[in-house]
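Novice: Structure incoming, see below.
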Amino acid sequence: MRNLYLAALLVIALFIWTRTYQITESLHFFNDIGRDFLVLWQWRETGKPPLLGPQTSALPFNQSAIYFYLLFPFYLITGGSVYASLIAYLVIYVLAFALGLYLLRPYPRLEKSLLLVFLLMTVHPEYIIQGRFIWNPSFVSVSLAVAFYSLVVYFEQKSTRYLLLYVSAFAVSLATAFSYSAAPALLAFILYALYRRRQSIWRYLNAVMISLGIVNLPTLVFELRHQFFLTKSLLFGEAAVQAGNVFATRFTRLLSLSLSIHWGYVLAILALLAYFVYRSYQRENNRFLLAAGLLFLTTFILTIFAPVSIHSHYIFPFLTFLFIMISFLQARYIYVVAVVFYLIFLPAALRLQIFGPARHTIKELQECAAAFCATQTEPLFVSNQSSHHPYHNAMEWQYLLSQAGCQLRDVATAPESATTMAVVLDDDVYEHGKTSFYELSQFGQSQESSRFHCKENLEIVVLDKTGKP
């Protein structure tokens with residue numbers, strides 16, 4: 001067995017371990033992950049596939065529902081396991097990595113690059129967090145990596161095989177379907193294709209347009225059914241106010257979030273990397289390094305100039321190309337970078353307590369939901385009051401209670417469909433008449449009827465509408 005494949009097996013083992021170690025005790029099952037499972041549950045129960053994907057915070061527009069289509073087979077195969085999305089993530093990343101190594105055999109330099117990139121994704125703290133709490137941005141990097149290696153191999157071929165061009169276009173389009181934070185990467189790929197081989201640009205643009213049409217087809221169906229509701233909201237609706245949406249803040253946040261250290265240190269590291277890139281390219285006219293460098297720089301510039309705030313899940317296009325660029329440096333420079341990253345990643349992982357226990361394990365949440373639903377026979381709404389996060393829509397509890405047999409209704413869309421609301425208290429207090437949030441105002445006038453105790457710092461307050469017969 002080749003040493004590279006032995007190293008690949010070790011990296012895969014490390015990848016799986018870092019994503020699954022103590023996951024039953026440490027999985028924070030709330031908010032976005034609850035939203036995803038609620039959609040999958042409703043799809044299985046009704047037989048109707050969703051047309052819209054996850055909502056975005058930056059724009060009044062949804063991501064593509066293709067994300068849910070990716071997860072749904074795993075949800076069915078695992079019998080609705082709460083780890084279905086994690087299993088999907090592991091299978092897709094490991095399969096893409098293994099298949100990539102196999103297909104890149106004629107290009108040893110690309111093989112080694114892919115191995116190093118996968119290793120960096122395996123040990124980077126934010127990637128580990130994103131690989132344990134799965135939601136749509138979790139699949140951005142694997143899509144961009146496929147897009148990169150497909151495109152550079154296409155340009156290396158002596159004979160023209162357009163299949164790779166279409167694979168690259170589809171993969172980068174898929175990345176934008178998972179998260180619009182990959183849109184700058186899409187533009188970067190188009191600009192690089194124009195720079196690298198102008199005679200191929202129209203074919204690549206055509207492939208991108210077809211791919212975008214495919215991955216966003218469910219959204220288009222929704223728009224046609226609802227008279228372009230999302231498009232009208234995007235063009236004519238009120239734009240959401242975004243904190244930190246100024247250039248300096250975007251610049252510093254992208255840098256600091258990417259390596260979990262002060263942005264000034266990251267800037268110094270990037271300056272050092274720029275020197276390494278220059279020296280490596282000077283010693284070896286490496287087209288792969290040039291491609292990675294141009295994509296990294298273009299994506300970085302487009303991201304910091306985009307008029308949206310930078311969040312932690314926006315860093316993955318930037319990091320993907322950073323890792324790819326590092327993988328093509330000369331070996332001595334890679335060793336230096338490895339030492340620097342080790343000194344950064346290890347303290348960050350310890351500080352973030354990646355494997356630390358969740359406030360409530362998934363088993364405790366499921367047992368609480370099952371016990372509560374055994375006492376409920378009427379339709380009800382659910383909301384959440386927590387001292388650990390600001391979300392009151394209780395997406396995780398909507399899923400858990402639905403799965404446990406409660407007749408859940410949506411207070412936002414049908415406020416008259418139930419006369420009971422369950423307010424889940426997560427390490428917080430509820431004072432009737434004093435506690436206030438949107439879902440309670442939608443529910444209307446009510447009185448507290450009972451409390452259901454699950455465990456310390458976890459109970460459910462039951463409210464009845466005033467005048468309930």
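Novice: Please list 3J(HN,Hα) in residue order for region 450-465, calculated via the Karplus relation 6.51 cos²θ - 1.76 cosθ + 1.60 where θ = phi - 60°; whole Hz, with x for glycine and proline.
Specialist: 6, 10, 10, 8, 9, 6, 4, 6, 8, 8, 10, 8, 9, 10, 10, 5
Novice: Could you work out the relative contact order of region 34-163, using alpha carbon pairs under 8 angstrom and six or more residues apart, expressed as a whole percent? Write down the numbers at each step before the final one.
Specialist: Working: 87 pairs, mean separation 21.5, N = 130.
Dividing the mean separation by the residue count of region 34-163 yields 17 percent.
Novice: Enumerate the lysines that residue 465 could reach by cross-link, defined here as Cα to Cα under 25 Å, with residues fewer than 8 away along the same chain left out.
Specialist: 434
Novice: Give the calculated FRET efficiency between residue 388 and residue 3 to the nearest 0.05, with a Förster radius of 51 Å applied to their Cβ-Cβ distance. Don't skip to the end; give the middle numbers.
Specialist: Values: r = 46 Å, r/R0 = 0.90.
Computed FRET efficiency for residue 388 and residue 3: 0.65.
Novice: Further question: Give me a comma-separated list of calculated 3J(HN,Hα) values for region 161-171, in order, Karplus coefficients 6.51, -1.76, 1.60 applied at θ = phi - 60°, integers in Hz, x for any Gly or Pro.
Specialist: For region 161-171, the Karplus-derived couplings read 10, 6, 4, 5, 5, 6, 4, 4, 5, 5, 5 Hz, x marking Gly and Pro.
Novice: What accessible area, in Å² to the nearest ten, does a 1.4 Å probe give for residue 41?
Specialist: Near enough 40 Å² of accessible area.
Novice: Still on this structure: Where does the charge balance sit around residue 387 when Lys and Arg score +1, Asp and Glu -1, over other residues with C-beta under 9 Å from its C-beta? If you can, show how the numbers build up before the last one.
Specialist: Values: positive: none; negative: 426, 427, 428.
Result for the local shell: -3.
Novice: Any idea what angle helix 331-352 forms with the longest principal axis of the chain, computed on alpha-carbon atoms, 0 to 90 degrees, nearest 10?
Specialist: It works out to around 10 degrees.
Novice: Turning to a different aspect of this structure: For the chain, calculate the relative contact order in percent as a whole number, restricting contacts to Cα pairs under 8 Å that are 6 or more residues apart. Could the numbers behind the result be given before it?
Specialist: Numbers: 614 pairs, mean separation 82.0, N = 469.
This gives 17 percent for the chain.
Novice: Between residue 308 and residues 5 or more places away or on another chain, which pairs have amide H atoms under 5 Å apart, with H built 1.01 Å from N, and which residues are they?
Specialist: Amide H neighbours of residue 308: none.
Novice: Hey, another quick one. Counting only Cα, what are the radius of gyration and maximum Cα-Cα distance Dmax of the chain, in Å?
Specialist: 24.0, 83
Novice: Take the alpha-carbon centre of region 139-203, take the same for region 268-293, and report the distance between them in whole Å.
Specialist: Measuring centre to centre over Cα atoms gives 21 Å.
Novice: Sticking with this one: Using each residue's phi in region 2-16, evaluate 6.51 cos²θ - 1.76 cosθ + 1.60 at θ = phi - 60° and report the 3J(HN,Hα) Karplus result to the nearest Hz, with x for Gly and Pro.
Specialist: Taking θ as phi minus 60°, the curve returns 5, 4, 5, 6, 5, 4, 5, 5, 5, 5, 4, 4, 5, 4, 5 Hz for region 2-16.
Novice: Hey, another quick one. Give me the net charge of residue 409's neighbourhood, meaning all other residues with Cβ under 13 Å from the Cβ of residue 409; Lys, Arg count +1, Asp, Glu -1. Display every interim value, and only then the final one.
Specialist: Numbers: positive: 465; negative: 378, 410, 416, 439.
Summing Lys and Arg as +1 and Asp and Glu as -1 gives -3.
Novice: While we're here: In degrees, nearest 10, range 0 to 90: what is the angle between the Cα axis of helix 287-305 and the longest Cα principal axis of the chain?
Specialist: 40 degrees
Novice: Leaving out ligands and nucleic acids, note down the accessible area per residue over the chain with a 1.4 angstrom probe, in whole Å². Numbers along the way, then the final one.
Specialist: Numbers: 21980 Å² over 469 residues.
On a per-residue basis, 47 Å².
Novice: What does the helix-only formula give at 222 nm for the chain: each DSSP H stretch with n ≥ 4 adding -39500 (n - 2.57), the total divided by the residues, and the result rounded to the nearest 500 deg cm²/dmol?
Specialist: Working: 21 runs with 287 residues, N = 469.
Per the formula, -19500 deg cm²/dmol.
Novice: Are there any GluC sites (Glu not before Pro) in region 386-460 that are in a DSSP loop and have at most 11 other Cβ atoms within 10 Å? List them by number.
Specialist: Values: sites: 396, 416, 431, 439, 448, 456, 459; in loops: 416, 431, 456.
When the GluC sites (Glu not before Pro) of region 386-460 are filtered for loop state and at most 11 Cβ neighbours within 10 Å, 416, 431, 456 remain.
Novice: On a straight-distance basis, which lysines could pair with residue 158 in a cross-link, Cα separation under 26 angstrom, same-chain partners fewer than 8 positions away excluded?
Specialist: By straight Cα distance, residue 158 reaches 112.
Novice: Further, regarding this structure: May I ask for the angle, rounded to the nearest 10°, between helix 316-327 and the longest principal axis of the chain, with both axes built from Cα atoms and the value confined to 0 to 90°?
Specialist: Approximately 30 degrees, to the nearest 10.
Novice: For residue 277, what is the net charge nearby, where nearby means another residue's Cβ is under 14 Å from its Cβ and Lys, Arg count +1, Asp, Glu -1? Before the final figure, lay out each step's value.
Specialist: Numbers: positive: 279, 283, 287, 332; negative: 284.
The answer is +3.
Novice: Want the number for residue 449 to residue 226: 0.36 nm per residue separation, take away the alpha-carbon distance, what's left? Numbers along the way, then the final one.
Specialist: Values: separation 223, 0.36 × 223 = 80.28 nm, distance 4.01 nm.
So the chain would gain 76.3 nm between residue 449 and residue 226.
Novice: Moving on. Taking Cα centroids, how far is region 210-225 from region 310-350 in Å?
Specialist: Comparing the Cα centres of region 210-225 and region 310-350, I get a distance of 35 Å.
Novice: Rounded to whole Å, give me the distance from the Cα center of region 31-88 to that of region 374-418.
Specialist: Between the Cα centres of region 31-88 and region 374-418 lies a distance of 18 Å.
The values are calculated or read from the model by the stated rules, or taken from the named source; none is laboratory data. Since the model is a prediction, treat every value here as computed from it, not as a measurement. FYI the Cβ positions are ideal-geometry reconstructions off the backbone, even for glycines, and counts take in every protein chain you see. Note: accessible area is taken over every heavy atom of the protein model, side chains too, but ligands, DNA and RNA are not part of it. Shrake-Rupley method; radii C 1.70, N 1.55, O 1.52, S 1.80 Å.
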